[in-house]
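A.B. asks: Got a structure for you, written out below as structure tokens; questions coming shortly.
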Amino acid sequence: MASVALSEAEKVYIVHGVQEDLRVDGRGCEDYRCVEVETDVVSNTSGSARVKLGHTDILVGVKAEMGTPKLEKPNEGYLEFFVDCSANATPEFEGRGGDDLGTEIANTLYRIFNNKSSVDLKTLCISPREHCWVLYVDVLLLECGGNLFDAISIAVKAALFNTSIPRVRVLEDEEGSKDIELSDDPYDCIRLSVENVPCIVTLCKIGYRHVVDATLQEEACSLASLLVSVTSKGVVTCMRKVGKGSLDPESIFEMMETGKRVGKVLHASLQSVLHKEESLGPKRQKVGFLG
């Protein structure tokens, strides 16, 4: 993961500020930086989104393709995640430098979506045991400015919200063989319900307090962080500790409560932005280098 080198004086300045609920950029401990969300930015995908969180820039594309249901879940589709850490994000990702981080992020996403309530995978089934939709979710890290997991989870949710899957009819002839017919109407499609898709809230322990949406400088002052996956109703679906340091039970409980509180606000703001952007229709102005 991208990192910065700080002197001891800089670390003391950041830690003391956090203890007073005043961070270097003027935010409080539970405040996010400005989040920019834009959907439908890549034309050859079923759904896409770009999220900028401070200096962190994430692009997500979702591609829907037909596949065969898994043996253990014959009446469901499934999601596949791939994370590419671009060398443009940080020199540390040159060559195969970002492979370990990409695998770690993909495994975290699998764990979050390994929950029946997050996405209704039965809507992706076309014909039980024979055909289903497979959603390939590709995540590209364009720039790293701290708090990668939160930004990626927001971008994935926005891309899934934007995803349109063609409506399919299964036709059966007299001999019992099945034929699949895709609708020619580009507007005749199904949309995924992302209401229960969780977002990650990362809480970094700095000194005796914890902060959300840490910058690279703040991450350098933190020895342990807690990733909390929270739904729009404030339900925690999974947790994961990262970093070399330890967390005591009382700190974990406080961080969970903060994660639930902050997560509900994050979901409400994201849903509002997504619905507002969708209401603008295809004539909305595209921004950024992908416009």
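The values are calculated or read from the model by the stated rules, or taken from the named source; none is laboratory data. Just so we're clear, the structure is a prediction, and the values are computed from it rather than from any experiment. FYI the Cβ positions are ideal-geometry reconstructions off the backbone, even for glycines, and counts take in every protein chain you see. Note: accessible area is taken over every heavy atom of the protein model, side chains too, but ligands, DNA and RNA are not part of it. Shrake-Rupley method; radii C 1.70, N 1.55, O 1.52, S 1.80 Å.
A.B. asks: Which residue pairs have Cβ atoms closer than 8 Å, lie 6 or more positions apart in sequence or on different chains, and pair a first residue in the range 80-108 that is without any contact (Cβ under 8 Å) to a residue 40 or more places away in the chain with a second residue that is part of a helix (DSSP H, G or I) and open to solvent by less than 20 Å² (accessible area, probe 1.4 Å)?
C.D. replies: Hits for this filter: Ala87/Phe93.
A.B. asks: Within the range 240-253, how many residues are surrounded by fewer than 15 Cβ atoms within 10 Å (Cβ to Cβ), of a type outside the set (Phe, Trp, Tyr) and at negative phi?
C.D. replies: Qualifying residue count, the range 240-253: 7.
A.B. asks: Considering only the range 1-99, give the strands (runs of 3 or more DSSP E) lying wholly within it that have at least 1 residues that are open to solvent by 70 Å² or more (accessible area, probe 1.4 Å) and hydrophobic (A, V, I, L, M, F, W, C).
C.D. replies: Filter on the range 1-99 gives 56-67, 78-85.
A.B. asks: Which residue, of Ser246, Ser222, is more than 18 Å from Gly54 (Cβ to Cβ), assigned to a loop (DSSP other than H, G, I, E, B) and among the hydroxyl-bearing types (Ser, Thr, Tyr)?
C.D. replies: Exactly one residue qualifies, and that residue is Ser246.
A.B. asks: Right, here's the next one. Which residues, taken from the range 206-218, are of a type in the set (S, T, N, Q) and not in a loop (DSSP other than H, G, I, E, B)?
C.D. replies: The answer is Gln217, and nothing else.
A.B. asks: Just the residues that are of a type in the set (Asp, Glu) and open to solvent by 10 Å² or more (accessible area, probe 1.4 Å), please, taken from the range 117-158.
C.D. replies: Asp120, Glu130, Asp138, Glu143
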